[in-house]
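The values are calculated or read from the model by the stated rules, or taken from the named source; none is laboratory data. All figures in this text were calculated on a predicted structure; none of them were measured in a lab. Positions of Cβ are generated from backbone atoms using ideal geometry, with glycine treated the same way; all protein chains shown enter the neighbour counts.
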Amino acid sequence: MSEQLIFQPSAAAVAHTHTNAEQYEAHYERSVSDPDGFWAEQARRLDWVKFPTKIKNTSFQYPDISIKWFEDGVLNVSYNCIDRHLDKRGDQVAILWEGDTPGTQDLVTYRQLHERVCRYANVLKANGVQKGDRVTIYMPMVIDTAVAMLASARIGAVHSVIFGGFSPDSIAGRVGDCGSKIILTADEGRRGGKIIPLKKAVDEALTKVGGVEKVIVVKVTGNAVNMEPGRDLWYHDEAAKVSADCPPEPMNAEDPLFILYTSGSTGKPKGVLHTTGGYLVYGSLTHQLSFDYRDGEVFWCTADVGWITGHTYIVYGPLANGATTLMFEGVPSYPDASRFWQVVEKHKVNIFHTAPTAIRALMGAGAEYADKYDMPTLRLLGTVGEPINPEAWLWYSKHVGKDRCTVVDAWWQTETGGHMIAPFPGAVPTKPGSATKPFFGVQPVVLSPEGKLQEQTKAEGVLAIKDSWPGQMRTVYGDHQRFVETYFSQYKGYYFTGDGCRRDEDGYYWITGRVDDVLNVSGHRLGTAEVESALVAHPKVSEAAVVGYPHDIKGQGIYCYVTLMAGEQSSDELRSELKTWVRKEIGPIATPDLIQWAPGLPKTRSGKIMRRILRKVAENDFGALGDTSTLADPTVVDDLIANRQNR
Ligand code: ATP
Ligand code: MG
């Protein structure tokens, strides 16, 4: 159905773009046939202390996996994100901050950012942090968090940002895993009108893990918190003691920049390690090209800096490109479902990037919230994080984009550093629900589950990548073997993404969900994302999650968790209506066997549905729910168990 829908780039997008259709094909071809030449040119977008003479040196040959880019180059990330812009953009806004409480806002210019980062870097040095040390950052969405990240990068320390909603256990696990001796935190944070007790969570975490010598606390709410003498220090006291002059540390391109733990939707989070040169070249290039970013625009990515999306598209990509990046402390639903659109108008946002989970929630709340705002400055909308249901894509394009904005659905992973498959605005026509075509240098392949390369254009199977790209993770921190086994052992010679996909006759990629989530119904393979999209296309459904469960006849049955739109009533009639609906949309093979009404779905803190848990509930296997510590709201699980369907 939706596969027939094609949106040609608008005239405005074509006139505006960095890359037109022919250039896309030509540059893409060059990027894969001559990666050394192509990426040497792209590396010039950064300022290097020493420009690299070696560009690509990578091997996907199991078990000798080795990935090096620009290996003899020397540079500093914070210099590239700040110092080099000072002449031209010293007074331009670098970070525009919108607080959780409507009416609160703040900003830093590039010059002010420079001063704050240097000072923070000197505070780190004064507290014993040296090049290569790991610095844990557990902070809310405030400007100081970006400052802390850039300050670590300035002195060559390796940051590990932990999302400010994680529990003390999650903090302890991550701090212990990377052996960090210092934690940067805040007294408290704010989110959706609630206070988040960050320092308290750190205190509790530190009863469970050793080795932390210093905790540096930024004052955000000003409420009283416990301060452990000798260990805990107020940032403002420390900052007053140091100078605002801190030269950037020259770093090798392959020196670590940060560790970031994956969201944990499939199991124990992995400490993904990214390095300096390749990550920044790739992050800044993807930010510029796949969002078609133009000088002077306001760019807003709604992710939390605790996720890779926040790292690459709130902090490093935009700042490397000299952009004005908007940082939002709050949530889409507070004080009500029009908050995003108010902020877009208030700050004259040009490019807006969010996640399907937010789009579906706002769709569920009703289009009237978005319809009230014209948002005349908006010209491009991004979506990332999960497969976007065509229905949600169309809603986003119509009610937010007013049918004039380009929609960019970008597929990528914490592991990939930046976008991998995404439409080049103005160059690649879009199809709702498809991430479309690969970015420069990215060679996706479709393999059968047994590993056979699918050479014909129209194909279906698992998604793997044939060769390295500069933004690729280098290792799992402290466990290179886990890196090799997780990503390179199952399909030899390829990087395995863990996602399933379909490639259509135009060579467009459609992510069908995690490979573990693919259903096998009476011998037919069916992506959970497809059944979910069909359900969400029903006017009464706002969100759906689909999993398989053992079925005597079919092998696997289709179990659906359905959240209804605000104000809709559940009933047995609606259940049969939905079954008929899906049957009509996809075919008899996809007819749901069981439908459970779910007022809430178990989601990771980054808003992804954790199907692993839904599968266990559907299988009636409550003892084996696994690691639920990364769930946003663990209580929804009890409700799901209590209302499990079995007929
Ligand atoms: P873990 O690896 O610990 O299970 P995670 O995979 O959720 O966590 P991320 O790296 O944040 O952690 O997410 C990457 C995954 O998100 C991709 O592998 C894919 O499944 C999904 N994803 C991201 N963007 C898209 C998109 N545009 N379309 C479809 N799926 C997407
Ligand atoms: Mg993953």
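A few points about this structure:
- Condition check for Glu530: crowded, with 21+ Cβ neighbours inside 10 Å and not aliphatic (A, V, I, L, M): yes
- The number of residues in the stretch 476-509 that are over 24 Å from the mean Cα position of the chain (by Cα) and either away from ligand 2 (no atom under 15 Å from the Cβ) or buried (at least 21 other Cβ atoms within 10 Å of the Cβ) (or both) comes to 9.
- Residue, surrounded by the fewest Cβ atoms within 10 Å (Cβ to Cβ), within the stretch 53-85, restricted to residues that are part of a helix (DSSP H, G or I) and more than 25 Å from the chain's Cα centre (by Cα): Arg84
- If you go through the stretch 372-387 and keep only what is within 13 Å of ligand 1 (Cβ to nearest atom) and touching a Lys or Arg at 6+ places or on another chain (Cβ under 9 Å), you end up with Gly385, Glu386.
- Among the residues of the stretch 557-573, the ones that are touching a Phe, Trp or Tyr at 6+ places or on another chain (Cβ under 6 Å) and not in a strand (DSSP E or B) come to 1 in all.
- The stretch 1-52: number of residues that are assigned to a helix (DSSP H, G or I), polar (S, T, N, Q) and more than 26 Å from Asp72 (Cα to Cα): 3
- Count - residues of the stretch 404-426 that are in a loop (DSSP other than H, G, I, E, B), within 16 Å of ligand 2 (Cβ to nearest atom) and buried (at least 23 other Cβ atoms within 10 Å of the Cβ): 6
Per-residue answers, yes or no, for (1) touching a Ser or Thr at 6+ places or on another chain (Cβ under 6 Å); (2) surrounded by fewer than 24 Cβ atoms within 10 Å (Cβ to Cβ):
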residue	(1), (2)
Gly523	no, yes
Ala544	no, no
Ile553	no, yes
Thr563	yes, yes
Ser576	no, yes
Glu585	no, yes
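Conditions tested, residue by residue: (1) over 18 Å from Gly385 (Cα atoms); (2) within 13 Å of ligand 1 (Cβ to nearest atom); (3) polar (S, T, N, Q); (4) under 20 Å from the mean Cα position of the chain (by Cα).
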{"residue": "Asp409", "(1), (2), (3), (4)": "no, yes, no, yes"}
{"residue": "Thr414", "(1), (2), (3), (4)": "no, yes, yes, yes"}
{"residue": "Glu450", "(1), (2), (3), (4)": "yes, no, no, no"}
{"residue": "Gln454", "(1), (2), (3), (4)": "yes, no, yes, no"}
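Okay, residues lined up against (1) crowded, with 19+ Cβ neighbours inside 10 Å; (2) out of contact with any helix residue (DSSP H, G or I) (no Cβ under 6 Å at 6 or more places or on another chain); (3) not in a loop (DSSP other than H, G, I, E, B):
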{"position": "Pro387", "(1), (2), (3)": "yes, no, no"}
{"position": "Glu391", "(1), (2), (3)": "yes, no, yes"}
{"position": "Val428", "(1), (2), (3)": "yes, yes, no"}
{"position": "Gln456", "(1), (2), (3)": "no, yes, no"}
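- Residue within the stretch 597-607 that is touching a helix residue (DSSP H, G or I) at 6+ places or on another chain (Cβ under 8 Å) and part of a helix (DSSP H, G or I) present: no
- Qualifying positions in the stretch 509-534 - modelled with pLDDT of 95 or more and more than 20 Å from Leu447 (Cα to Cα): none
- Flag for Thr276 being more than 16 Å from ligand 1 (Cβ to nearest atom) and of a type in the set (S, T, N, Q): yes
- Pairs where the first residue, in the stretch 254-273, is of a type in the set (Gly, Ala, Ser) and part of a strand (DSSP E or B) and the second is within 15 Å of ligand 2 (Cβ to nearest atom) and modelled with pLDDT under 95, C-beta under 7 Å, 6+ apart: Gly271/Tyr261
- Enumeration of residues in the stretch 452-488 that are within 22 Å of Asp177 (Cβ to Cβ) and touching a Phe, Trp or Tyr at 6+ places or on another chain (Cβ under 6 Å): Thr475, Val476, Tyr487, Phe488
- Filter result for the condition that a residue is under 21 Å from the mean Cα position of the chain (by Cα) and away from ligand 1 (no atom under 16 Å from the Cβ), over Thr309, Thr325: Thr325
- Selection of strands (runs of 3 or more DSSP E) fully inside the stretch 161-246 by the criterion of at least 3 residues being surrounded by 22 or more Cβ atoms within 10 Å (Cβ to Cβ) returns 182-186, 214-218.
- Members of the stretch 333-380 that are touching a Ser or Thr at 6+ places or on another chain (Cβ under 7 Å) and either β-branched (Val, Ile, Thr) or within 16 Å of ligand 2 (Cβ to nearest atom) (or both): Val349, Thr354, Ala355, Pro356, Ile359
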